[in-house]
1. Hey, how many Å between the Cα centroid of the stretch B:184-210 and the Cα centroid of the stretch A:203-255?
2. Would you calculate the convex hull of the Cα atoms in the stretch B:95-167 and tell me its volume per residue in Å³?
3. At q = 0.10, 0.11, 0.16 Å⁻¹, work out log10 I(q)/I(0) for chain A with the Debye formula, treating every Cα as an identical point scatterer and leaving solvent out; two decimals please.
4. Kindly provide the pair-distance distribution of the stretch B:99-233 built from C-alpha pairs, with 10 Å bins from 0 and whole-percent values in order of increasing distance.
5. So how compact is the stretch A:114-163: Cα radius of gyration and Dmax in angstrom?
6. Can you pull the one-decimal nm distance between simple spin-label points at residue B:107 and residue B:238, each 7 Å off the Cα toward Cβ?
7. Where does each of A:112, A:12 land when they are ranked from fewest to most other beta-carbon atoms within 10 angstrom?
8. Using a 10 angstrom cutoff on alpha carbons, build the Gaussian network for chain A and name the most mobile of A:27, A:92, A:153.
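Every read-out reported here was derived from the displayed coordinates using simple, explicitly stated rules and does not represent laboratory data. Only a predicted model underlies this, so the values are computations on that prediction, with no experimental measurement involved. So basically every Cβ, Gly included, is an ideal-geometry build from the backbone, and we count neighbours across all protein chains shown.
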């Protein structure tokens, strides 16, 4: 068991080292993008909005921006980047010629995707604190929760990567799944505005809704029992998608 | 090959490496073999040196040991100068040498090479042959596949010729050549005259395009007859028989795709 974790860790470490080698390009964009959203939507458009559910608009969207950043970093890491490593660089082939198994490679990739979520949440937090849109110290919880949320999106992403015929077809989940989720998960307006049926559909099918609800409870210091349901949904979905991803990858790569 | 490496599932029968079943002990087997794949799968995110270190880590080799081995393998493969160079900046031959170095990082008891010199220039091929012969001389076991029969002839103690997944023959290269092609090959232009003469002499020959090939141990006599008959009319050459002749005789001349 310990050896298995070590081998997963070595795959993870490979990605971390490659990431750190090009840290400049890796650190700046995820840092800038949410900042722009916060300025344009939160403090720009937000001046016309008095308050959402009694909360100033920038404070309302701040936890959503963290959630989106975690989703994007984990999802894109385990789709496009993993696909490049698997298909073009043949990195997975090289690794499975060693005592590391394909299951451990995929687990390491997904944990790395989740780690990226943690890194970006950690980079954003000081900015949010600086703008006074995240309560302290409860907002520190954003960072460990980013790992759980990141693992969820990494698992979903890896399932797509396992079944995609080419890198171009990864655009489908990107535009048809991630983009709607970005807009309709209680991110920029409350879910309650949606008709009941749509709202229920969003809660059932859009993982980001649960992540946003938890993150918002964290930054507003308003964690309640209802968040346990969100957490349970995430735990079940993460388990399903991560194990499915490993199975699908085995089917794709063990020939 | 992939089944020996415990990467592909066994398609049938039984397969043991180092006396261990590939289905039940893949990890133990993989930790004791080195693999040189046909396709370059070096890690483009790292330098030559880091490629070796990162790969050693997958085997659980301690860092200090890995560093020492990486340095000495770069030396062994004449890559010291490229130590801190990214993979994309290496030539084809250097990449192959680095892949071989990488395959040696766990000090394997068995080295598996899939087409080790494919697409390389003659200098690079000779350098790789030299290293492989060096490894063999140190007592390492090498298993290699190749379409280059001159390569097989130079490197192999024991050789298996396969076609469509079946073993046709096996043995030492020199013995195989002697047995299946004789010592020498006479090649003569294919004309009515030459064919008739060979028929008359009772010599068996193969038709290879516009040439006739005679595999024989008594080349001098036949060449004498051929020259007497058609000097200035048809070119006659004699050369030692090679594995390529054996291969073509056994598997036919039609293109296999």
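1. 77
2. 99
3. Evaluating at q = 0.10, 0.11, 0.16 Å⁻¹ gives log10 I(q)/I(0) of -0.49, -0.59, -1.18.
4. Answer for the stretch B:99-233: a P(r) of 10, 31, 24, 19, 12, 4, 0 percent.
5. Answer for the stretch A:114-163, Rg first and Dmax second: 13.2, 43 Å.
6. The modelled label-to-label distance comes out at 5.3 nm.
7. A:12, A:112
8. A:27
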